[in-house]
Amino acid sequence: MTDIREQKTFTLLEEKNDIVITNNIKNPIVKELNSIFDGMIKELSTEPFTTIFTLGKLKSKKIHVVNFEDLDDLEKRNKIFNKIAKLKEDTCIVVDSFENEAYLEIIQDLSENLMTQSYKMNKFKSKKEEKDVVFYYYGETAIYNVVKKGYIYGDCMNHARDLVNTPYNHLNAQDLANYAKKLEKHDNVSVKIYNKKEIEDMNMGAFLGVNKGSTVEPKLILVKYQGKDTFNDPTALVGKGVMYDTGGYSLKTPQSMPGMKVDMAGSAAVISALEAIARLKLKANVMAIVAATDNRIGDEAIVPDDILIAASGKTIEIISTDAEGRLTLADAVWFAQKEGAKKVIDTATLTGAMVAALGHEFTGAFTNSKEFYNEFYDASKKTKEKVWEMPISKGYRKLIESKVADIKNSGGRLAGASTAAAFIEAFIEKDTKWIHLDIAGTASAEKTGATGVMVKTFTELFC
């Protein structure tokens, strides 16, 4: 756990914390320390990150020196920040020594990294060895707002990671609804949880079809943030909330089923982004919507060849019960539009085809509005979350045409990410601007688990 505070005073000879500086000799504190250590800091110009033991010259035991020039290189910068985040002692960061043309961006990135790089998922470990490390910021430049923004970004990303990393037996649809309900502690946030009867009353046959094999009731989660005087023209963030995906009767293999707790990463992203938006008190009206259920085998579970009727009235032929996320999203995006959203972004760990296409580096994006996509893409460049636009065409739409229903839920093996996007697009009204994000490859990493992808970009879109 990392606690971040601002340091109001700094006296070199009395400071007991570790110190982080750059080798920017123009900074008065760096200049003074360089004199104390006989020019050593000025000479440390080749290594990205070096630690000096003070050997009694200061009450601080260690000074960590960052190569100032490396801050201009994003990859090198991130490696440096990762090292700072892993420091084991309370540390004072002399932020003015980091000052260059991208100064405020650098400090925001540092604040965020101190949160995300110290993340640990040890909730279910019987022995927890964890020491709280306090990072202080010292400088004359006004940095509070960027430190706060970076801190909230990192903290909310970690909340999303906690949700995704939590196994199904500790986080089902009801548990997620309970978690979302707690967001009402933030100003201007309201939460409505719809139960199964209310979902049935809205004729959400696609969503309910996925839930038929489950022993846990589905929950439709609606979180509203009103950042303007009146709640009009809201943007909807719709997250796939399949709490665990066995594939249903189109059963996944034993090798591919472990890790399917990640299939609700879309819901974690939109709920955590809503939290960040509320904590930053942004001037925007935003909704987070999740159709939460697990996808299991049961006596009443759907099977291939079944035909479901979505809330929009469209009929859906089931080709694969493992193409279930798009069924829940069909009713969720319909609901978002009925709640007044003319801009909708859905995010989902939707297809293995997206992982095959883009791997784990880029999120795949599909859209019906170049203007809306450009707004989103500009936000993603600021947050450094990599996004790549993918195609939807008449040919892909044709692949999901059904002989016995309005549409079918799978277009086959080829172009699976595009046909899945085309399926969701079929439930978007003509005057709605829409973006679909397939985060199957970016929602988790093999070494570190859940990433909290898209929390930052969703938030930045409204900044």
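Points worth noting:
- Angle in degrees between helix 416-425 and the longest Cα principal axis of the chain, rounded to the nearest 10: 70 degrees
- Where labels lie 7 Å past Cα in the beta-carbon direction, separation of residue 200 and residue 148 in nm: 4.8 nm
- Rounded to 0.05, the FRET efficiency of the residue 431 and residue 100 pair, given R0 = 35 Å and the Cβ-Cβ distance, is 0.15.
- Part-to-part distance (alpha-carbon centres) for region 257-279 and region 396-422, which is given in Å: 26 Å
- As a rough footprinting exposure proxy, the listed residues 33, 171 were ranked by other beta carbons within 10 Å of their own, and the order from fewest upward is 171, 33.
- Whole-Å distance, taken between Cα centres, linking region 173-210 and region 100-160: 31 Å
- Residues in region 318-325 carry Karplus couplings, in order, of 8, 8, 9, 6, 8, 9, 8, x Hz; the curve used is 6.51 cos²θ - 1.76 cosθ + 1.60 with θ = phi - 60°, and Gly or Pro positions show x.
- Virtual spin-label span in nm between residue 55 and residue 413, 7 Å along Cα→Cβ: 6.7 nm
- MRE, 222 nm, helices only [DSSP H, n ≥ 4, -39500 (n - 2.57), over the chain, to nearest 500]: -10000 deg cm²/dmol
- Those residues of region 29-48 whose amide nitrogen sits under 11 Å from the label point placed on residue 75, 7 Å along Cα→Cβ: none
- Counting all C-alpha pairs of region 240-309, share separated by more than 17 Å (%): 57 percent
- Taken one residue at a time, the phi angles of region 20-33 give Karplus couplings (6.51, -1.76, 1.60, θ = phi - 60°) of 10, 9, 9, 8, 6, 5, 6, 6, x, 5, 4, 4, 5, 5 Hz. Gly and Pro are set to x.
- Calculated over region 154-460: convex hull of Cα atoms, volume per residue (Å³): 120 Å³
- Look at 161, 77 and count the other Cβ atoms within 10 Å of each Cβ; fewest to most, that gives 77, 161.
- Across the alpha-carbon set of region 33-125, the Rg to Rh ratio works out to 1.00, Rh being the Kirkwood radius.
- Other-chain or far-sequence residues with amide H under 5 Å of residue 62's (modelled H): 19, 54
- Region 293-338 versus region 21-50: alpha-carbon centroid distance in Å: 62 Å
- Taking the DSSP bridge list for region 2-142 and keeping only pairs wholly inside it, about 25 percent are antiparallel.
- Inter-site label distance for residue 381 and residue 403 at 7 Å from Cα along Cβ, in nm: 4.8 nm
- The 3J(HN,Hα) values that the Karplus relation (6.51, -1.76, 1.60; θ = phi - 60°) gives for region 132-140 are, in residue order, 6, 10, 9, 9, 9, 10, 10, x, 8 Hz. Gly and Pro appear as x.
- Amide H to amide H distances under 5 Å link residue 296 with 213, 214, where only residues 5 or more positions off or on other chains count and H is placed in the peptide plane.
- Cβ-based exposure ranking for 360, 436, in which fewest neighbours within 10 Å come first: 360, 436
Here, each number is a calculation from the coordinates, and none is a lab measurement. These figures come from a predicted structure and were not determined experimentally. Cβ: placed from backbone, ideal geometry, glycine included. Neighbour counts: every protein chain shown.
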